[in-house]
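The values are calculated or read from the model by the stated rules, or taken from the named source; none is laboratory data. Small disclaimer: the values here were computed from a predicted structure and weren't measured. Here the Cβ is made from the backbone with ideal geometry for all residues, glycine too, and neighbour counts use every protein chain on show. Please note that ligands, DNA and RNA were not included when accessible areas were found on the heavy atoms of the full protein model with its side chains. Shrake-Rupley method; radii C 1.70, N 1.55, O 1.52, S 1.80 Å.
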There are 2 protein chains.
Amino acid sequence: MIRVLLAEDQAMVRGALSALLNMESDIEVLGSAADGEAAWRELQRLKPDLLVTDIEMPGLTGLELAQRIQRQELPIKVVIVTTFARPGFLRRALDAGVSGYLLKDAPAENLAEAMRTVHRGGRAIDPQLALEAWSEADPLNDRERQVLRLAGEGQSAGDIATQLSLSHGTVRNYLSEAIGKLGVTNRIEAYRLARQKGWL
Amino acid sequence: MIRVLLAEDQAMVRGALSALLNMESDIEVLGSAADGEAAWRELQRLKPDLLVTDIEMPGLTGLELAQRIQRQELPIKVVIVTTFARPGFLRRALDAGVSGYLLKDAPAENLAEAMRTVHRGGRAIDPQLALEAWSEADPLNDRERQVLRLAGEGQSAGDIATQLSLSHGTVRNYLSEAIGKLGVTNRIEAYRLARQKGWL
DNA sequence: GCATGCGAGTGACGCCTGTCACCCGCGATG
DNA sequence: CATCGCGGGTGACAGGCGTCACTCGCATGC
């Protein structure tokens, strides 16, 4: 019997996944949580074998949850189920020691199957995503990432500068570098591309 | 017996919802589709009582599906189930004659209940969203919307001008108006705000 | 001890943006 | 008929953006 905790912020999807998993005779859904903090509490209370979690959740993300589990060396395997086919996310997930990474685009039957594989000690990584993950490295450094994130919210170089206690010109230099590295022509495209790749 | 067709692009969510609905004794899921065109074909083949559909799908969106059903006067009620709490979407949905509009944030039990209400001839609209929908009207006209969409992809005024066969300056005028109407300070914020409100 | 590299900053250049006042043609409305 | 209103355009201005060359200080590494 595989004992599972489910973390997913959209209630309807959470309920539906729960119904789906409860149809499997060898899987038992112990409970579910709507955000990262709740999941962390339930994790300690219910001590499941497996955590099935989304990435984007209020409070703590699924990736952060996985990191915590890894640091505290809890005997709980993690399977990520997410919308985002972003190579950067998968890489961070693997660094956080997760055993499974599926896309919500994959057929529903895959989920139970992946959970069994993981429970047996294996790994279940979406195949075409696994390829991409190691093909392209994130070219941005911390500053560039930071600046690009703020620029993507519509802030001007000046705004960003005050916020990061940098100079106006330096911010523009960072943005220029980021734009160059990504091979695009302006901050908007740079933001979109970086976001899509999961480099945020 | 309520005979249903399910349209949702994410396979895992589609499968899970299907499992959820099949647990209800008075609901029968006739089939499901992964994109708008497939849904339209299945609709004509299976002639369900009810279409449960997402909005954002490849090809035809859920809103466009609802419009088609309305125009062809098919005897099929529509329930929208979506992530997007955007007032503009709800308004367009109601214009397209849908009977239900739920958020994926709502509890899973609501779905079956809403479907029963709609099947009985009633309406099931997410309550707090219904309020917002009539509170704020979309201030943008067609040109402004068009220009803003392209600007959001990182295109410059010049690029947009050639694409729409307008002049460089006119594009900037439209953008300026849009920025003013939305009460923000640049195209990036304007794009984000308009998108978030569902005005696209 | 010197070179190398890196984070941060400066200043200047040209193009792009956002704003505004104003113009033109045309269809609707009185 | 006159006159609005409206879609589209022009030209100008200030300020923002993207680029580049160069500087400075400070930590590393031989």
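Residue-by-condition table, conditions (1) away from DNA strand D (no atom under 12 Å from the Cβ); (2) surrounded by 16 or more Cβ atoms within 10 Å (Cβ to Cβ):
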{"residue": "B:Gly122", "(1), (2)": "yes, no"}
{"residue": "B:Asn141", "(1), (2)": "no, no"}
{"residue": "B:Glu144", "(1), (2)": "no, yes"}
{"residue": "B:Leu148", "(1), (2)": "yes, yes"}
{"residue": "B:Thr162", "(1), (2)": "no, no"}
{"residue": "B:Gly169", "(1), (2)": "no, no"}
task = Taking B:Ala114 as the residue in question, decide whether it is within 13 Å of chain A (Cβ to nearest Cβ), surrounded by 15 or more Cβ atoms within 10 Å (Cβ to Cβ), closer than 21 Å to A:Gly15 by Cα and modelled with pLDDT of 90 or more.
result = yes
Inside segment A:2-41, the number of residues satisfying the requirement of being open to solvent by less than 40 Å² (accessible area, probe 1.4 Å) and assigned to a helix (DSSP H, G or I) is 14
B:Arg116 meets each of (1) of a type in the set (Lys, Arg); (2) farther than 29 Å from A:Ser32 by Cβ; (3) over 14 Å from the mean Cα position of the chain (by Cα) with one exception, condition (2)
Restricting segment A:42-59 to residues that are assigned to a helix (DSSP H, G or I), touching a strand residue (DSSP E or B) at 6+ places or on another chain (Cβ under 9 Å) and open to solvent by 10 Å² or more (accessible area, probe 1.4 Å), the one nearest to the other protein chains (Cβ to nearest Cβ) turns out to be A:Glu42
>> So for segment B:142-152 (the condition being without any contact (Cβ under 8 Å) to a residue 12 or more places away in the chain and either away from DNA strand C (no atom under 14 Å from the Cβ) or more than 14 Å from chain A (Cβ to nearest Cβ) (or both)), does at least one residue qualify?
In response: yes
Note on B:Gln155: of the conditions (1) near DNA strand C (Cβ under 8 Å from one of its atoms); (2) free of Cβ contacts under 8 Å to residues at least 40 places away in the same chain; (3) assigned to a helix (DSSP H, G or I); (4) not hydroxyl-bearing (Ser, Thr, Tyr), unmet is (3)
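Would you mind finding the one in B:Leu90, B:Leu94 that is surrounded by 17 or more Cβ atoms within 10 Å (Cβ to Cβ), out of contact with any Gly (no Cβ under 9 Å at 6 or more places or on another chain), among the aliphatic types (A, V, I, L, M) and assigned to a helix (DSSP H, G or I)?
One residue alone meets the criteria, B:Leu94.
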Filtering segment A:176-200 down to residues that are in contact with a Leu (Cβ under 7 Å, 6 or more places away or on another chain) and either closer than 19 Å to B:Gln155 by Cβ or within 12 Å of DNA strand D (Cβ to nearest atom) (or both) yields A:Ala178, A:Lys181, A:Leu182, A:Val184, A:Arg187, A:Ala190, A:Tyr191, A:Leu193, A:Ala194
Residue count, segment A:161-191, condition part of a helix (DSSP H, G or I), within 14 Å of another protein chain (Cβ to nearest Cβ) and of a type outside the set (Lys, Arg), comes to 8
Only one of B:Leu193, B:Leu166 is more than 12 Å from DNA strand C (Cβ to nearest atom), among the aliphatic types (A, V, I, L, M) and farther than 19 Å from B:Gly88 by Cβ, namely B:Leu166
